[in-house]
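S.K.: Structure below; questions to follow.
The values are calculated or read from the model by the stated rules, or taken from the named source; none is laboratory data. None of these values were measured; they are calculated from a predicted model. Every residue, glycine as well, gets a Cβ built from its backbone with ideal geometry; the counts of neighbours run over all protein chains shown.
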Amino acid sequence: MLTVHRAERSVHLADALAQVLENALADPFTAEVIAVPAKGIERWLTQRLSTVLGAEAMDGVAANIQFPSPTRLVDEAIAAASGIDPDDDPWAGPRQLWTLLDVIDTHLDEAWSAVLKAHLTGDHRITRRYATAAHVVDLWRRYAAERPQMLVDWAAGRDTDGAGRALPADLGWQPELWRRLRLRLGTASPPERLTAAAEHLRRSPEVSDLPERFSLFGPTRLSTEQLQILDALAVHRDVHLWLPHPSPAMWTALTGRLAPVRRRADESAVAVQHRLLASLARDTRELQQRLSPLAGADLHHGAVAAPTSLLQHLQADLRDDRPPEHTATADGTVQVHACHGAPRQVEVLREALLHLFQRDPSLEPRDVLVMCPDVEAYAPLVRAAFGQGDAGGHPGHRLRVRLADRALRQTNPLLDTVARLLDLADGRVTASQVLDLAAQGPVRRLFGFHDDDLEQLQTWATTSGVRWGIKLRQRTVFGLPGVRQNTWTTGLDRVLLGVTADETDLAWLGDALPLDDVDSGDIDLAGRLAELVDRLEAVLWRLRGPQPA
């Protein structure tokens, strides 16, 4: 049975989950399975469970628990039911992408692909092929998750949106291209296998190695594909879904009146009274709409206490879905800071946190969560304001922070360097791109570049007139054969001649003018720069054009 648990606070959900886990599985050696959407939630939940599980409270142990992601849990269940190993599935993302590129090249001149051809052909548009194919594969992946019936209709030759409506004419190339890809792959797509897999899980639950009870903790979205598989698994298992939900009053108001509708036709916002619930709770309302026909039981966990602060008044109004009827005293629990730019935002955040820690000795840095719209944009600013600097400097430098949910490219310097090389391979190789590559940690260590060296390289690139391209053959690719000016080759010629030429007679040597003010002490740095550019040119030229998969 599928049981939905709701609470306004995650701590209430975690404590209720602990009560469920206290009833051990039939096999004591079987691991509990709790699917979580992020590693941060896994870490927090483990710490919370360790304080309530065990022979006595605060034992500090939460063991024999597996924390897969919801996507992984569902994918493994589908693989077990369908008998298709994801490692061998031709519809897997990378394999599908390379096959799609070949299909696009094969059928680009056919009439139905006119829209695609207009986008991909023309001067300098060859570099769009991979990016376009990757975007299309990602679109189809989302179609498979959210609208599997649409792809089932496409496979049957019906160009619909999955709800019986015809696709707009300008999107007609998508189903045709998808069918050509399906024909090339020679096997049914995941949406076509979904219904059969779900039915197999209902009839033969033993095909999945999931225990007789498992949980999903903290999801804010679940796709159609995931819900269909969870519904099938719940026929013979206890499936517990733990949802953070801001308002039991809103849940009650929407119960029984929700039906699947298109987002533009969704009028569920008019059923709530609080403006924040109407404007910010769309995902929550949509998830309730999808869960309504599936949930076998619905439990609310929460404790009602009289509000004593402005923040608690706001939370109580959201919980009860009532518009604010009074003006609470400003007590600092809700603050709005007007800041000019992201750097100032981080500085004000640091001061506000230090004030809170000083005012409340029980508050610790681990109790604070900071959210931002773009973690990659704010990451260097946070590192500069927190956790760095001298011990005798700003007290904010003693606050330890952890940057979560960052892209792998941002946390792995070697992977980031390789990705930059791939970006350069199809690009113009501008001066700033090469200098940014030189500043990457692995490249800096290889060539021994220090901060002063990088500043000197920036000066040389500017004064020698380097703009883009390394040699003539890069310029030729972009339709400028014979235009050698402002390439890295001409810039390096000027730097190297500046090292050797007489400072009193900087005359033209051939078609190069020696760069002024290059000291003899810079010979080693100039040589390292020349080696970097030479190696880079050789690597980029080998990376250009089609490569074996």
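S.K.: Which one of the conditions (1) out of contact with any strand residue (DSSP E or B) (no Cβ under 8 Å at 6 or more places or on another chain); (2) modelled with pLDDT under 75 does Thr462 fail to meet, given that it meets all the rest?
M.R.: The number of the failed condition is (2).
S.K.: Just to be sure I understand the filter: pairs with C-beta atoms under 7 Å, separated by 6 or more residues or on different chains, first member in the range 293-305 and in contact (Cβ under 8 Å) with a residue 24 or more places away in the chain, second member among the acidic types (Asp, Glu). Which pairs pass?
M.R.: Leu294/Asp231; Gly302/Glu8
Every residue, every condition in (1) in a loop (DSSP other than H, G, I, E, B); (2) among the basic types (Lys, Arg); (3) within 24 Å of His337 (Cα to Cα), yes or no:
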{"residue": "Ala379", "(1), (2), (3)": "no, no, yes"}
{"residue": "Gly396", "(1), (2), (3)": "no, no, yes"}
{"residue": "Val401", "(1), (2), (3)": "yes, no, yes"}
{"residue": "Arg406", "(1), (2), (3)": "yes, yes, no"}
{"residue": "Gln410", "(1), (2), (3)": "no, no, no"}
{"residue": "Leu415", "(1), (2), (3)": "no, no, no"}
{"residue": "Ala419", "(1), (2), (3)": "no, no, no"}
{"residue": "Leu435", "(1), (2), (3)": "no, no, no"}
{"residue": "Val443", "(1), (2), (3)": "no, no, no"}
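S.K.: Do you know which residues across the range 467-488 are crowded, with 19+ Cβ neighbours inside 10 Å, at pLDDT 80 or above and out of contact with any Ser or Thr (no Cβ under 7 Å at 6 or more places or on another chain)?
M.R.: Thr487, Trp488 - these are the residues of the range 467-488 that are crowded, with 19+ Cβ neighbours inside 10 Å, at pLDDT 80 or above and out of contact with any Ser or Thr (no Cβ under 7 Å at 6 or more places or on another chain).
S.K.: Here's something else I'd like to know. Let me confirm something: among Glu199, Glu206, Glu212, Glu225, which residue is of a type in the set (Asp, Glu) and closer than 23 Å to Thr284 by Cβ? Steps first, please.
M.R.: Details: Glu199 fails: closer than 23 Å to Thr284 by Cβ; Glu206 fails: closer than 23 Å to Thr284 by Cβ; Glu212 fails: closer than 23 Å to Thr284 by Cβ.
Residue meeting the stated conditions: Glu225.
S.K.: On the given criteria, is Asp317 farther than 30 Å from Leu21 by Cα, in contact with a Pro (Cβ under 6 Å, 6 or more places away or on another chain), surrounded by 14 or more Cβ atoms within 10 Å (Cβ to Cβ) and acidic (Asp, Glu)? Before the answer, list the steps.
M.R.: Numbers: farther than 30 Å from Leu21 by Cα: yes; in contact with a Pro (Cβ under 6 Å, 6 or more places away or on another chain): yes; surrounded by 14 or more Cβ atoms within 10 Å (Cβ to Cβ): yes; acidic (Asp, Glu): yes.
Considered against the rule, which asks whether it is farther than 30 Å from Leu21 by Cα, in contact with a Pro (Cβ under 6 Å, 6 or more places away or on another chain), surrounded by 14 or more Cβ atoms within 10 Å (Cβ to Cβ) and acidic (Asp, Glu), Asp317 comes out as yes.
S.K.: In addition: Here are some conditions: (1) among the charged types (D, E, K, R); (2) free of Cβ contacts under 8 Å to residues at least 24 places away in the same chain; (3) buried (at least 17 other Cβ atoms within 10 Å of the Cβ). Arg147 meets all but one. Which one does it not meet?
M.R.: It is condition (2) that Arg147 fails.
S.K.: If I ask for residues that are part of a helix (DSSP H, G or I), within 27 Å of Gly172 (Cβ to Cβ) and in contact (Cβ under 8 Å) with a residue 40 or more places away in the chain, which ones from the range 74-105 would you list?
M.R.: Gly93, Gln96, Leu97, Trp98, Thr99, Leu100, Asp102, Val103, Ile104
S.K.: Here is a follow-up. Check whether at least one residue in the range 223-242 is closer than 25 Å to Asp320 by Cβ and either surrounded by 13 or more Cβ atoms within 10 Å (Cβ to Cβ) or more than 29 Å from the chain's Cα centre (by Cα) (or both), and report yes or no. Talk me through it step by step, then tell me what you get.
M.R.: Initially, the range 223-242 is screened for residues closer than 25 Å to Asp320 by Cβ, giving 241-242.
Still in the list and also either surrounded by 13 or more Cβ atoms within 10 Å (Cβ to Cβ) or more than 29 Å from the chain's Cα centre (by Cα) (or both): 241-242.
Taking every residue of the range 223-242 in turn, at least one turns out to be closer than 25 Å to Asp320 by Cβ and either surrounded by 13 or more Cβ atoms within 10 Å (Cβ to Cβ) or more than 29 Å from the chain's Cα centre (by Cα) (or both).
S.K.: What pairs can you find where one residue is in the range 175-188 and within 10 Å of Trp112 (Cβ to Cβ), the other is of a type in the set (D, E, K, R), and their Cβ atoms are less than 6 Å apart, with a gap of 6+ or different chains?
M.R.: Pro175/Asp159
S.K.: Residues of the range 421-430 being under 15 Å from Trp468 (Cβ atoms), assigned to a helix (DSSP H, G or I) and either aliphatic (A, V, I, L, M) or touching a residue at least 60 places away in the same chain (Cβ under 8 Å) (or both), which ones?
M.R.: The answer is Leu424, Ala425.
Condition check ((1) modelled with pLDDT of 90 or more; (2) hydroxyl-bearing (Ser, Thr, Tyr); (3) touching a Ser or Thr at 6+ places or on another chain (Cβ under 9 Å); (4) surrounded by 15 or more Cβ atoms within 10 Å (Cβ to Cβ)) across all residues:
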{"residue": "Ala7", "(1), (2), (3), (4)": "yes, no, no, yes"}
{"residue": "Asn23", "(1), (2), (3), (4)": "no, no, no, no"}
{"residue": "Gly40", "(1), (2), (3), (4)": "no, no, no, no"}
{"residue": "Thr51", "(1), (2), (3), (4)": "no, yes, no, yes"}
{"residue": "Pro68", "(1), (2), (3), (4)": "yes, no, no, yes"}
{"residue": "Ile78", "(1), (2), (3), (4)": "yes, no, no, yes"}
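S.K.: Also: If only one of Leu363, Leu287, Leu381 is in contact (Cβ under 8 Å) with a residue 40 or more places away in the chain, out of contact with any Gly (no Cβ under 9 Å at 6 or more places or on another chain) and of a type in the set (A, V, I, L, M), which one is it?
M.R.: Details: Leu363 fails: in contact (Cβ under 8 Å) with a residue 40 or more places away in the chain; Leu381 fails: in contact (Cβ under 8 Å) with a residue 40 or more places away in the chain.
Criteria check complete, one pass: Leu287.
Residues checked against (1) of a type in the set (Phe, Trp, Tyr); (2) touching a strand residue (DSSP E or B) at 6+ places or on another chain (Cβ under 8 Å):
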{"residue": "Thr106", "(1), (2)": "no, no"}
{"residue": "Trp112", "(1), (2)": "yes, no"}
{"residue": "Arg128", "(1), (2)": "no, no"}
{"residue": "Ala134", "(1), (2)": "no, no"}
{"residue": "Arg141", "(1), (2)": "no, no"}
{"residue": "Asp153", "(1), (2)": "no, yes"}
{"residue": "Glu176", "(1), (2)": "no, no"}
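S.K.: Of everything in the range 18-57, what is more than 25 Å from the chain's Cα centre (by Cα), closer than 21 Å to Arg72 by Cα and either among the hydrophobic types (A, V, I, L, M, F, W, C) or part of a strand (DSSP E or B) (or both)? Give them in sequence order.
M.R.: If the condition is that a residue be more than 25 Å from the chain's Cα centre (by Cα), closer than 21 Å to Arg72 by Cα and either among the hydrophobic types (A, V, I, L, M, F, W, C) or part of a strand (DSSP E or B) (or both), then Ala31, Glu32 are the ones that fit.
S.K.: For the range 160-194, what are the residues that are surrounded by fewer than 15 Cβ atoms within 10 Å (Cβ to Cβ) and under 14 Å from Arg147 (Cβ atoms)?
M.R.: Ala163, Gly164, Arg165, Leu171
S.K.: Could you tell me whether the range 292-299 includes any residue that is at pLDDT 80 or above, part of a strand (DSSP E or B) and in contact with a Lys or Arg (Cβ under 9 Å, 6 or more places away or on another chain)?
M.R.: yes
S.K.: Identify, please: which residue in the range 260-273 is out of contact with any helix residue (DSSP H, G or I) (no Cβ under 6 Å at 6 or more places or on another chain) and surrounded by 12 or more Cβ atoms within 10 Å (Cβ to Cβ) and is, among those, nearest to Leu241 (Cα to Cα)? I'd like the intermediate steps shown before the answer.
M.R.: Residues of the range 260-273 that are out of contact with any helix residue (DSSP H, G or I) (no Cβ under 6 Å at 6 or more places or on another chain), as a first pass: 260-267, 270, 273.
Pick out the ones that are also surrounded by 12 or more Cβ atoms within 10 Å (Cβ to Cβ) and you get 260-261, 266, 273.
Details: Pro260: 20, Val261: 23, Asp266: 24, Gln273: 27 Å.
Ranking the qualifying residues of the range 260-273, first place goes to Pro260.
S.K.: Looking only at the range 512-525, which residues are over 40 Å from the mean Cα position of the chain (by Cα) and either at pLDDT 85 or above or more than 29 Å from Asp426 (Cα to Cα) (or both)?
M.R.: If the condition is that a residue be over 40 Å from the mean Cα position of the chain (by Cα) and either at pLDDT 85 or above or more than 29 Å from Asp426 (Cα to Cα) (or both), then Leu513, Pro514, Leu515, Asp516, Asp517, Val518, Asp519, Ser520, Gly521, Asp522, Ile523, Asp524 are the ones that fit.
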